[in-house]
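See structure below.
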Amino acid sequence: MKPDPPVKKVSAKLDILRFDLVVETPARARCLNCSGPLSLSQPDLNSPDRLLGICEQCRHWFLIDLIPDSTAGILCGLPDIELIRSLSHQNPSKGISVIDDASHCS
């Protein structure tokens, strides 16, 4: 059996927006990049408070976390594909830093 490949721990700057939910009207999530509408999906049927949003115009991806027992939510922009692919390189760029110290692993 082959050993598991080493897993890199990285840190990245993320765009995060806390917002208030309006219960009377359907939520109309908007892209933080271009203000276009987000197409929402619920990947985990057991987590109705966590949604994935994809901008219909610029194709940016977002995690939407609706805070349980609250009228607030969090919209978090996910890194774009070029940034994610650059993580496989020894010296990633664009504000990403590799954490090599094993003491940071949980």
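Yes/no per residue for (1) modelled with pLDDT of 85 or more; (2) under 17 Å from the mean Cα position of the chain (by Cα); (3) under 19 Å from Phe19 (Cα atoms); (4) surrounded by 14 or more Cβ atoms within 10 Å (Cβ to Cβ):
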| residue | (1), (2), (3), (4) |
| --- | --- |
| Ile67 | no, yes, yes, no |
| Gly77 | yes, yes, yes, yes |
| Glu82 | no, yes, no, no |
| Asn91 | no, no, no, no |
| Ser97 | no, no, no, no |
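For segment 1-58, which strands (runs of 3 or more DSSP E) that fit wholly inside it have 1 or more residues that are among the aliphatic types (A, V, I, L, M) and at pLDDT 90 or above?
Details: elements: 9-11, 16-20, 38-41, 50-55.
In segment 1-58, the matching strands (runs of 3 or more DSSP E) lie at 16-20, 38-41, 50-55.
The values are calculated or read from the model by the stated rules, or taken from the named source; none is laboratory data. Predicted model only: the values in this text are computed from it and were never measured. Using ideal geometry, Cβ is built from the backbone for each residue, glycine included, and neighbour counts are taken over all protein chains shown.
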